[in-house]
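Trainee: Take this structure first; my questions come after.
The values are calculated or read from the model by the stated rules, or taken from the named source; none is laboratory data. The structure presented is a predicted model; accordingly, all values stated were derived computationally and were not measured. When we count neighbours, we look across all protein chains shown, and the Cβ atoms used for this are built from the backbone with ideal geometry, even at glycine.
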Amino acid sequence: MTSKSHTIIGGMFGLQLGGRSISAGESTAPAILRGNHLKLATARGALKVLAERLCPKQVWLPSYLCPVMLDCFGKRVRFYAVGADFRVSDHMWLENVGAGDLVVFIDYFGFRFWDQCGHKAKARGAWVVEDASQALLNEKFSESADYVVSSPRKFVGVPDGGILLARGNQKLTDIKLRQPSSSWRHSAFTACVRRAEFDLNDAGQDRSWYQLYQESEAAAPVQPCVMSEVSQLILRCAIDWQQVAHLRRKNYRYLATALSRFALFPKLQPGMTPLGFPAFFKNRDAVRTALFARNIFPPIHWALKGFVPPDFVDSHDLSARILTLPCDQRYDRVDLKRIVDVIQEVGQ
């Protein structure tokens with residue numbers, strides 16, 4: 001996807017320019033785009049659809065999560081514990097799950113470790129939601145999931161986007177989606193275009209896209225809104241999905257070999273495509289500062305303080321130690337070597 005090293009590694013995707021047009025008969029679209037689904041402006045809007053449609057008695061969320069999820073469910077939220085290995089660490093909470101509850105499980109960085117709990121929750125009469133925001137390109141989803149939610153913006157260059165997939169007998173046909181505010185749609189689109197221009201010119205100067213991105217993220221609608229026609233067109237026609245998945249897996253394996261002592265998951269699961277390369281550091285903040293100084297910007301998944309109770313110790317420890325190193329399709333071996341050199345120099 002790229003033949004030159006990038007001034008900046010990481011951050012939002014620029015608007016997808018180029019790619020190839022694929023006829024309907026040759027479509028290689030991800031599994032989540034081939035089923036019964038809604039195309040929304042944001043993934044949080046997809047969760048809000050479920051909150052409004054199902055009216056669950058209680059909503060069970062993992063203790064390790066993106067805090068924006070909490071905005072979708074109000075005061076009905078209860079947490080269950082996720083351990084340092086990203087697996088559900090205690091199954092006793094399942095005894096309190098009842099019919100009419102909604103249970104959300106997260107595919108962390110594309111990895112799924114919760115199938116057993118998903119089946120147990122479903123057997124107790126709960127709706128099971130697979131949050132695949134970090135697993136858009138995975139070939140299969142859990143058999144226990146009634147709904148799957150994902151976020152194309154984390155994988156390809158679209159200005160907005162959230163997917164809600166219904167499984168089995170679940171219906172979506174009667175759901176009406178509103179339009180988001182024109183100001184939000186404009187800022188999200190402009191940020192995406194400016195990032196594409198920045199990458200294309202390798203300018204290293206005009207980074208106004210970053211401020212626009214932050215503003216659009218803060219103003220992103222929680223209410224269910226329809227995905228823009230631009231994003232729908234890009235997802236349908238402009239992405240070589242097989243190449244995207246191939247390059248992400250290839251880059252992940254390179255980092256896993258070069259940075260094996262920091263890898264949380266040394267090997268990929270069959271049929272999965274990673275969001276990024278999660279790594280664990282004793283001196284995480286120092287490593288991140290060193291990467292920033294080299295124009296490498298790994299995100300933290302996630303900052304939990306003030307959102308998740310402090311007694312979920314393992315989740316808070318992960319939050320304090322983890323970085324997600326970029327390994328997506330924008331980058332080649334030269335880019336990845338820049339990351340590796342910094343980590344090998346300062347990582348502990």
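Trainee: Which fully enclosed helices (runs of 4 or more DSSP H) of segment 213-331 have 2 or more residues being within 21 Å of M69 (Cβ to Cβ)?
Mentor: 313-321
Residues checked against (1) touching a Gly at 6+ places or on another chain (Cβ under 8 Å); (2) under 16 Å from A256 (Cα atoms); (3) among the polar types (S, T, N, Q):
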{"position": "F281", "(1), (2), (3)": "yes, yes, no"}
{"position": "R294", "(1), (2), (3)": "no, no, no"}
{"position": "F297", "(1), (2), (3)": "yes, no, no"}
{"position": "C327", "(1), (2), (3)": "yes, yes, no"}
{"position": "R338", "(1), (2), (3)": "no, yes, no"}
{"position": "E345", "(1), (2), (3)": "no, no, no"}
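Trainee: Next question. Does A145 fit the bill of being free of Cβ contacts under 8 Å to residues at least 12 places away in the same chain and in the same structural domain as T42 (by TED's automatic domain parsing)?
Mentor: Against the criterion (free of Cβ contacts under 8 Å to residues at least 12 places away in the same chain and in the same structural domain as T42 (by TED's automatic domain parsing)), A145 does not qualify.
Trainee: Name the single residue that is surrounded by the fewest Cβ atoms within 10 Å (Cβ to Cβ) among those in segment 190-219 being touching a helix residue (DSSP H, G or I) at 6+ places or on another chain (Cβ under 7 Å) and either hydrophobic (A, V, I, L, M, F, W, C) or at pLDDT 95 or above (or both).
Mentor: That would be A219.
Trainee: Give me a count of the residues in segment 116-143 that are within 20 Å of the chain's Cα centre (by Cα), assigned to a loop (DSSP other than H, G, I, E, B) and either of a type in the set (S, T, Y) or farther than 17 Å from L33 by Cα (or both).
Mentor: Final tally of qualifying residues: 2.
Trainee: Could you tell me which of the residues F189, F198 is of a type in the set (F, W, Y), farther than 17 Å from K154 by Cα and not assigned by TED's automatic domain parsing to the domain that holds V49?
Mentor: Only one candidate qualifies: F198.
Trainee: Report, ordered by the first and then the second residue, all pairs with beta carbons closer than 8 Å, sequence separation of six or more or different chains, a first member in segment 246-263 that is over 14 Å from K337 (Cβ atoms), and a second member that is charged (D, E, K, R) and surrounded by fewer than 16 Cβ atoms within 10 Å (Cβ to Cβ).
Mentor: Listed pairs, sorted by first residue: A256/K267.
Trainee: I've got another one for you. Is it true that some residue in segment 193-211 is touching a strand residue (DSSP E or B) at 6+ places or on another chain (Cβ under 9 Å) and charged (D, E, K, R)?
Mentor: So far as segment 193-211 goes, no, none of its residues is touching a strand residue (DSSP E or B) at 6+ places or on another chain (Cβ under 9 Å) and charged (D, E, K, R).
Trainee: Return the only residue of L102, L136 being within 22 Å of R248 (Cβ to Cβ) and either in contact with a Phe, Trp or Tyr (Cβ under 6 Å, 6 or more places away or on another chain) or outside the structural domain of K39 (by TED's automatic domain parsing) (or both).
Mentor: Of the residues listed, the single one that is within 22 Å of R248 (Cβ to Cβ) and either in contact with a Phe, Trp or Tyr (Cβ under 6 Å, 6 or more places away or on another chain) or outside the structural domain of K39 (by TED's automatic domain parsing) (or both) is L136.
Trainee: Any chance segment 44-53 includes a residue that's out of contact with any strand residue (DSSP E or B) (no Cβ under 8 Å at 6 or more places or on another chain), modelled with pLDDT of 95 or more and either over 26 Å from N169 (Cα atoms) or assigned to a loop (DSSP other than H, G, I, E, B) (or both)?
Mentor: Looking through segment 44-53, none of the residues is out of contact with any strand residue (DSSP E or B) (no Cβ under 8 Å at 6 or more places or on another chain), modelled with pLDDT of 95 or more and either over 26 Å from N169 (Cα atoms) or assigned to a loop (DSSP other than H, G, I, E, B) (or both).
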